[in-house]
Amino acid sequence: MPFITSFERIATKRGLKQGRQQGLKKGLQEGRNEGRQEGRQEGRQEGQTALLVRMLKRRWGILAPELESRVSKLSLAQLEKLGEMIWDFQNPRDLQQWLDNEANRGN
């Protein structure tokens, strides 16, 4: 076993401490960045859902709670598709059919 001087021991402890502190800082920053990104994603999804529900209600005057609930459960990609398709629907049945097709694609 090699001999370690007091100086080497102190330097090793300091190095480990600095390494832990730097790792903690980096981990916290990455965690914050990831949290912000997830928050923005959720915000976009909630905003798009609210907009599409308002548009559907304005188009037909009323939207069945079941349809509103199903729209609110769509992914951001599905909401974007729905936004493109919304003006092709003639009535709530068309929306129901589209939602059924999207649900079947997910299975």
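Computed from the coordinates by the stated procedures, all read-outs in this text should not be read as laboratory data. Note that the structure is predicted; figures quoted are calculated from it, not measured. Neighbour counts are summed over all protein chains in view; Cβ atoms, including those assigned to glycine, are modelled from backbone coordinates with ideal geometry.
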Exercise. For the chain, what number of Lys pairs, 8 or more residues apart or on separate chains, have alpha-carbon atoms under 19 Å from each other?
Worked result: 6
For this session: Go through region 84-96 residue by residue and turn each phi into a ³J(HN,Hα) via Karplus (6.51, -1.76, 1.60, θ = phi - 60°); whole Hz please, and just put x for glycine and proline.
Result: 6, 8, 3, 7, 7, 6, 8, 7, x, 4, 5, 4, 4
Exercise. Between the helical axis of 6-60 and the dominant principal axis of the chain, each derived from Cα atoms, what acute angle in degrees is found, rounded to the nearest 10?
Worked result: 10 degrees
Exercise. Quick one: which of 33-44, 51-62 comes out on top by average Cβ neighbours within 10 Å, and what's the full order, highest first?
Worked result: 51-62, 33-44
Seminar exercise, completed: Charge dipole of the chain built from unit charges on the beta carbon (Lys, Arg +1; Asp, Glu -1), centred at mean Cα; most positive-end Cα among Gln37, Trp98, Val53 is Gln37
Exercise. Which length gain, in nm to one decimal place, applies between Glu8 and Glu84 when the Cα-Cα distance is subtracted from 0.36 nm times their residue separation?
Worked result: 20.7 nm
Problem set entry | Efficiency of FRET between Ala103 and Arg32 - r from beta-carbon atoms, R0 30 angstrom, step 0.05 | 0.25
Exercise. What does the helix-only formula give at 222 nm for the chain: each DSSP H stretch with n ≥ 4 adding -39500 (n - 2.57), the total divided by the residues, and the result rounded to the nearest 500 deg cm²/dmol?
Worked result: -28500 deg cm²/dmol
